[in-house]
1. With the requirement that a residue be in a helix (DSSP H, G or I) and within 26 Å of B:LEU68 (Cα to Cα), what does the stretch B:199-214 give you?
2. When you go through B:GLN45, B:GLN95, B:GLN119, B:GLN129 one by one, which is the residue that is buried (at least 22 other Cβ atoms within 10 Å of the Cβ) and in contact with a helix residue (DSSP H, G or I) (Cβ under 8 Å, 6 or more places away or on another chain)?
3. What about B:ARG9, is it at pLDDT below 95, surrounded by 16 or more Cβ atoms within 10 Å (Cβ to Cβ) and closer than 22 Å to A:GLU41 by Cα?
4. Take C:ILE254 and decide whether it is hydrophobic (A, V, I, L, M, F, W, C), outside the structural domain of C:ASP40 (by TED's automatic domain parsing), part of a helix (DSSP H, G or I) and out of contact with any Pro (no Cβ under 6 Å at 6 or more places or on another chain).
5. D:ILE43 fails exactly one of the following numbered conditions: (1) of a type in the set (A, V, I, L, M); (2) out of contact with any Cys (no Cβ under 7 Å at 6 or more places or on another chain); (3) touching a residue at least 24 places away in the same chain (Cβ under 8 Å). What is the number of that condition?
6. So D:LEU255 fits all but one of (1) under 20 Å from A:TYR259 (Cα atoms); (2) surrounded by fewer than 17 Cβ atoms within 10 Å (Cβ to Cβ); what number is the exception?
7. Confirm whether C:HIS196 is on the phi < 0 side of the Ramachandran plot, within 14 Å of chain B (Cβ to nearest Cβ), of a type outside the set (Gly, Ala, Ser) and part of a loop (DSSP other than H, G, I, E, B).
4 protein chains.
Amino acid sequence: MNNFEKLDRIFVPQLDEILGVKLPVLNDGFIRVVDYMGSDESIVQAARVSYGKGTKKMSEDRGLIRYLIRHQHTTPFEMCEIKLHLRVPMDTWRQWIRHRTANVNEYSTRYSIAIDASQKTKSNEWRIQAKDNKQGSEGFFPIEIGDKLTDRESDLQNFAREIYQERLSLGVAREQARKDLPLSTYTEAYWKVDLHNLLHFLKLRMENHAQFEIRSYANVIGNEIVKKWCPITWEAFNDYVLNSLTFSYQENEILKKIYSGKKQEAIDIADSFGWLKIVDTRFTKNIERMEFEEKLDKLGIDKPWE
Amino acid sequence: MNNFEKLDRIFVPQLDEILGVKLPVLNDGFIRVVDYMGSDESIVQAARVSYGKGTKKMSEDRGLIRYLIRHQHTTPFEMCEIKLHLRVPMDTWRQWIRHRTANVNEYSTRYSIAIDASQKTKSNEWRIQAKDNKQGSEGFFPIEIGDKLTDRESDLQNFAREIYQERLSLGVAREQARKDLPLSTYTEAYWKVDLHNLLHFLKLRMENHAQFEIRSYANVIGNEIVKKWCPITWEAFNDYVLNSLTFSYQENEILKKIYSGKKQEAIDIADSFGWLKIVDTRFTKNIERMEFEEKLDKLGIDKPWE
Amino acid sequence: MNNFEKLDRIFVPQLDEILGVKLPVLNDGFIRVVDYMGSDESIVQAARVSYGKGTKKMSEDRGLIRYLIRHQHTTPFEMCEIKLHLRVPMDTWRQWIRHRTANVNEYSTRYSIAIDASQKTKSNEWRIQAKDNKQGSEGFFPIEIGDKLTDRESDLQNFAREIYQERLSLGVAREQARKDLPLSTYTEAYWKVDLHNLLHFLKLRMENHAQFEIRSYANVIGNEIVKKWCPITWEAFNDYVLNSLTFSYQENEILKKIYSGKKQEAIDIADSFGWLKIVDTRFTKNIERMEFEEKLDKLGIDKPWE
Amino acid sequence: MNNFEKLDRIFVPQLDEILGVKLPVLNDGFIRVVDYMGSDESIVQAARVSYGKGTKKMSEDRGLIRYLIRHQHTTPFEMCEIKLHLRVPMDTWRQWIRHRTANVNEYSTRYSIAIDASQKTKSNEWRIQAKDNKQGSEGFFPIEIGDKLTDRESDLQNFAREIYQERLSLGVAREQARKDLPLSTYTEAYWKVDLHNLLHFLKLRMENHAQFEIRSYANVIGNEIVKKWCPITWEAFNDYVLNSLTFSYQENEILKKIYSGKKQEAIDIADSFGWLKIVDTRFTKNIERMEFEEKLDKLGIDKPWE
């Protein structure tokens, strides 16, 4: 009967296998997949609604998904949804929650007693402030300094917990007792997001410059969850987003000269952009030039000005 | 093993039964449930994450869901998601799409040939402009007038389709050929939304003053889909939202006087709000008073001023 | 010339007067209005675009705004926008940021050194855990206990800052050094939101059960900012939202009986809802009944069952 | 006094000059700037809140804005807001409204009589369906065919208006009378959006493949409004977004070979991606290869396989 085209729910056996399983992150954090909706197949299904009968003969699913990612036709990816159970330090959660296009239920320390666990740093995990990048780190402290830092961290975390317990024992309201908990305290949350917004999260948080902690979570979500859930999308996302390079108008102008062998003209153009100011026989720091140089390195292209 | 608390996906057998089935609306529209995530149970599950262990002993699921609806603790309802396949007239879709918190893939008349179906009005379905409400209707035209209106509607829809076909035959770009299609033309879309936002949609669109067409769709979604999907939530939504009454500060002041039998004081207060202006021995139209009178009627309370 | 209907920007002199001025909150927090767009007048202007020429004769502005608030026609209120500069404890910010429909730029402790200020609690400000409400407080501790709590708070905050400084001195990356800062540490942010979403924030956060800290901020925003910015809207919001009462289907059924003097029938209905279970000659705790009793109190109505 | 750092509102004289002025689009559409909040300066101001005191010495404003655009640090751009009054054909509005992150008040044909204007196509404006791109057009019809199409368009629009008037005269409810209006009918709306989301809109709608009609509006917004409002941002957006080129992982691999002069290896790699299948001595259609070739053209680079 025409009116009765019964459907079955789409499921992804590889993801079902890890449903509910704790994927560990950091010293005491985790990610668990609680539920999901859709798959690579439903992205294609949604795209074909947009394109209607016209696409019947269109290239196969993989080609379509790659096309959608490449051209930022993002709505079909919104048709997939995933719900994760997370355990993260509050400091990391502060960054995470800035991604607004997700649904969230967080463990309430107003209602319940704060989780008795905090992010602890091993002696070999203390990171040195980066010189060039105010918000980055480079390298680790030697173990002797690390030992000291870890001891002090432990003292502080213990003292904070002691005071929290003291307040609770005296009968201070939970909503107030929690006020001095350290940011390293773990929290838990259900976090539900569609695939489009999840990929955007991963793009920003799997990136080199993302902070180590949230990057650790993002890597697990990408490499252990999305890769199983929507493998074709994951491959396309790697090819077109994670491993892509974007060149600005200025960079394109220089690339043209480099290709046609006009080295001096390439230098002149870069100079006209103010990239090649020299002080004491060295180029002054110029972020646009330095970022371009990094991209040239990735393509194995020599800098014209060296 | 501690690390392995395998989960199964939540499913709702009553909803699975109608998955993919066309629920007809209007002359040629429909709604199909394509997929869903969650259930009444997952709302409770999400709420308990927020409340932590503290709620282990808390009242049973129904009580919790009712509490959440009553106090507009909306985030647990966002943990449920549903994906519908819709066929609606573009005129109705124009209203529908104004609900922004949903994911949408619409059939593209830029890419494909427009669906060859339009909303047709039967002779007994032509509605008379309401006098009091500029955006409403009241009653139907007699069948003789209806016959004429339906004939003319048919003429217009046929002519519009003829011209559309003419353009396509000549090779006019589809993106331009469609420009004069009537708003009654059907479109199709995948529409994915979380339960919280769906309930908000239903609150506005199942309401008496919502236009008949979109109300027809909302009624099917509410009474034939949500009721099956999350029956406890549906009951609470009916009790606390659809069938509730809200009284303003002013109305509360009058209700107090009515209860304590001080009829004249009730009248004086209403008068002080400017509700009881009289012209030619009749109250002038005052929307705040009239809306209050409607609520009094629902509670079987006499108007003090009559 | 028809094509040239030059406009001036809308401004609100009362709000301009406090632009940039610090409105203090808590021991070291503040709110400053940085910029805004629109006014009561622009809400009316936007509504009249929706209603077109048809509303020329419609009732005056105040009536229109009240109508919009009453019927939750929220889009015209989205046409007003305000940008605030906030200084709040991170613990409060954790609640604040859950309101997703706002634009945010927060002070980065990854990039810069954390603000050297934390929320301090005076001896007479320590709150006792509420018995009935797990997430509330009731009353304050006597000053002797408060003294001790305040001393210990001070010890912890000093120790935490000491360790933070120690890490920075050693050269620990700022993004890591901050990990154990107490939640009481102040953060700053630019927070930009439209009036509709701001009113929703105020509805939830000016409410009795909102935590004292965020309520303090909400009160300043409502009573010192919105009231100046959009006085007509503020009045309507008070009348129809803050000071309104909503009755459920069940409550309406009982109200009908009360108002028609049928006390026993009112009791019977309440009993049929399971509200009047008795153990040891007292009603058992039933939240739905208790919330209804609170509303009856506000209307000066006697409980039928007492 | 420290507590009183009075601010003035930020204004942009160049934009104030065109406030309220109708910028014409299509035969009878327009865009008017109604109000705005912020400027290039407020983007910098917001970014510096994020970066705190640390940026005092940071490079000047232009460098900062360019950095923010380049690295997709989008939140500071959300601090600027603009409100436009639009008049667009409903067909164009259907595409426009799909951008969900904006505030909208549209003219209501339920409440008022539909605007008596429709998008008319001149004889030389009829576009031919593109062969390669199902959703595109290429070239125009000769004037003789255009004349005929324009006549027929006129017939249809007149007939549709006649029937609409007929219904209104008979007293059909406005909400129903409008049901067969052609999509070419103009509608009006207030559309308010932040600069980040506006730039995203412009990126998609100023693009070559965007439909002519919406592209016409996007061009006016970009080149006549944003350019005046935030000139530094506009320049950066052109350099880093509109005029940038992005290369996928696969394309980077080929570029490496090209730049190191290894033509055959470049061909082999492309072949391994399946880009160089040959049927009847010609490459088969392969979209990924063709899109890469377009980019090579822009950089003046010869295709290795030609």
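1. The answer is B:LEU199, B:HIS200, B:PHE201, B:LEU202, B:LYS203, B:LEU204, B:ARG205.
2. One residue alone meets the criteria, B:GLN119.
3. Numbers: at pLDDT below 95: yes; surrounded by 16 or more Cβ atoms within 10 Å (Cβ to Cβ): yes; closer than 22 Å to A:GLU41 by Cα: yes.
Here the answer is yes, as B:ARG9 does meet what is asked.
4. yes
5. (2)
6. If we test D:LEU255 against (1) under 20 Å from A:TYR259 (Cα atoms); (2) surrounded by fewer than 17 Cβ atoms within 10 Å (Cβ to Cβ), just (2) comes out false.
7. So C:HIS196 does not fit the description; no.
Let's see how each residue does on (1) part of a loop (DSSP other than H, G, I, E, B); (2) away from chain D (no Cβ under 12 Å):
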site: C:PRO76; (1), (2): no, no
site: C:ILE82; (1), (2): no, no
site: C:ARG94; (1), (2): no, yes
site: C:THR109; (1), (2): yes, no
site: C:ALA114; (1), (2): yes, no
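The values are calculated or read from the model by the stated rules, or taken from the named source; none is laboratory data. No experiment lies behind these values; they were computed from the predicted model shown. In this analysis, Cβ positions are derived from the backbone assuming ideal geometry, glycine residues included, and neighbour counts consider all displayed protein chains.
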